Amino acid sequence: MVNPIESTPRTRDVLWSDVEDIYAAILAHPFLAGLADGTLPRESFRHYIVQDAHYLRGYAKALAVCAAKAPDEDGTVMFAEHAAGAIAAERDLHAALMGEMGSSPEEAALEPVAPTTQAYVSYMLASALGGSFAEAVGAVLPCYWIYAKVGDELLARSSPDPLYARWIAMYGSEEFQAVVDSVLDLTDRIGKDLSDGERRLMRLHFTTTSRYEWMFWDAGYRCETWPV
């Protein structure tokens, strides 16, 4: 006889099944293909890095909301640490990358926030602030998980461009995967006690911000600016 508890899929598996086609589109995007083979134009990568710096300020706030809404101390500590790390660790990487491209984080901070960046951050913060803890986790999870999968995928291809290889190495590292695993473990734990309505909203936010991940790389590739 099958144990109904054992046959219930993990929350992470349900979430990922919703976005497999989106992730396939992300991997096929010319931005990531260009990172892997070294052909991505420098202006596209610079635009992406500038917008990523803008994005991370909002992402850190969303992680802080997760920390505040966490149902236990472990969740609060984890997301609070990640909120600080989202700014500190990646800010250092951005400074190094911008320096190699003849610019600086200070110059980047003065550049406008692009439409996709603003829309992504606005949606994520609204979902985190206005929803339950599960909704907040659903909204921030793609940025963890998709980056780890992309990093692992591209690391195996070994970009010939040292600048792009450094970016890939950060997200393809065992250290970053350990961070992502801790969030996925929490996702599975809270998923066991969700109502049907809470699970539906968590899936909705996870799918929506996964779409924004594709849009973010696409905006970087196009060097997106405001049309008017």
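The values are calculated or read from the model by the stated rules, or taken from the named source; none is laboratory data. If you're wondering where the values come from, they're calculated on a predicted model, not measured in any experiment. In this analysis, Cβ positions are derived from the backbone assuming ideal geometry, glycine residues included, and neighbour counts consider all displayed protein chains.
From the list ALA136, ALA148, which residue is within 25 Å of HIS29 (Cβ to Cβ), among the small types (Gly, Ala, Ser), at pLDDT 95 or above and in a helix (DSSP H, G or I)? None of the others qualify; the one that does is ALA148. Selection over the range 157-209 of residues that are under 18 Å from PRO9 (Cβ atoms) and among the hydroxyl-bearing types (Ser, Thr, Tyr) gives a count of 3. Say whether the condition of being among the hydroxyl-bearing types (Ser, Thr, Tyr), within 27 Å of TRP226 (Cα to Cα) and outside any loop (DSSP other than H, G, I, E, B) is met by at least one residue in the range 71-89. Taking every residue of the range 71-89 in turn, none turns out to be among the hydroxyl-bearing types (Ser, Thr, Tyr), within 27 Å of TRP226 (Cα to Cα) and outside any loop (DSSP other than H, G, I, E, B). Selection of the range 95-145 for residues being polar (S, T, N, Q) and either surrounded by fewer than 23 Cβ atoms within 10 Å (Cβ to Cβ) or touching a Ser or Thr at 6+ places or on another chain (Cβ under 7 Å) (or both) yields SER103, SER104, THR116, GLN118, SER122, SER132. Screening GLU73, GLU81, GLU43 for residues that are under 18 Å from the mean Cα position of the chain (by Cα) and surrounded by fewer than 17 Cβ atoms within 10 Å (Cβ to Cβ) leaves exactly one candidate, GLU81. Figure legend. Inter-residue proximity from the range 154-176: first residues farther than 18 Å from ARG42 by Cα and without any contact (Cβ under 8 Å) to a residue 60 or more places away in the chain, second residues in a loop (DSSP other than H, G, I, E, B) and β-branched (Val, Ile, Thr), beta-carbon distance below 6 Å, spacing 6+ or different chains. No pairs are indicated. When the range 1-40 is filtered for residues that are hydroxyl-bearing (Ser, Thr, Tyr), assigned to a helix (DSSP H, G or I) and either modelled with pLDDT of 95 or more or within 19 Å of the chain's Cα centre (by Cα) (or both), the ones remaining, listed by number, are THR11, SER17, TYR23. Across the range 217-227, not a single residue is classified as part of a helix (DSSP H, G or I) and under 17 Å from ALA126 (Cα atoms).
When the criteria are applied in full, LEU201 fails the requirement of being in contact with a helix residue (DSSP H, G or I) (Cβ under 6 Å, 6 or more places away or on another chain), surrounded by fewer than 18 Cβ atoms within 10 Å (Cβ to Cβ) and either of a type in the set (A, V, I, L, M, F, W, C) or outside any loop (DSSP other than H, G, I, E, B) (or both).
Looking at HIS54 and the list (1) touching a helix residue (DSSP H, G or I) at 6+ places or on another chain (Cβ under 8 Å); (2) assigned to a helix (DSSP H, G or I); (3) at pLDDT 95 or above, which single condition is not satisfied? Every listed condition holds for HIS54 apart from (3). Taken over the range 15-25, residues that are crowded, with 16+ Cβ neighbours inside 10 Å and over 10 Å from ARG211 (Cα atoms) amount to 2. Residues in the range 174-228 that are within 14 Å of the chain's Cα centre (by Cα) and aliphatic (A, V, I, L, M) were compared, and the one that is nearest to PRO115 (Cα to Cα) is MET215.
Yes/no matrix, rows are residues, columns are (1) more than 19 Å from VAL65 (Cα to Cα); (2) of a type in the set (Ser, Thr, Tyr); (3) at pLDDT 95 or above; (4) in a loop (DSSP other than H, G, I, E, B):
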position	(1), (2), (3), (4)
ALA96	yes, no, no, no
GLU111	yes, no, no, yes
TYR120	no, yes, yes, no
ALA156	yes, no, no, no
ALA165	yes, no, no, no
LEU184	no, no, yes, no
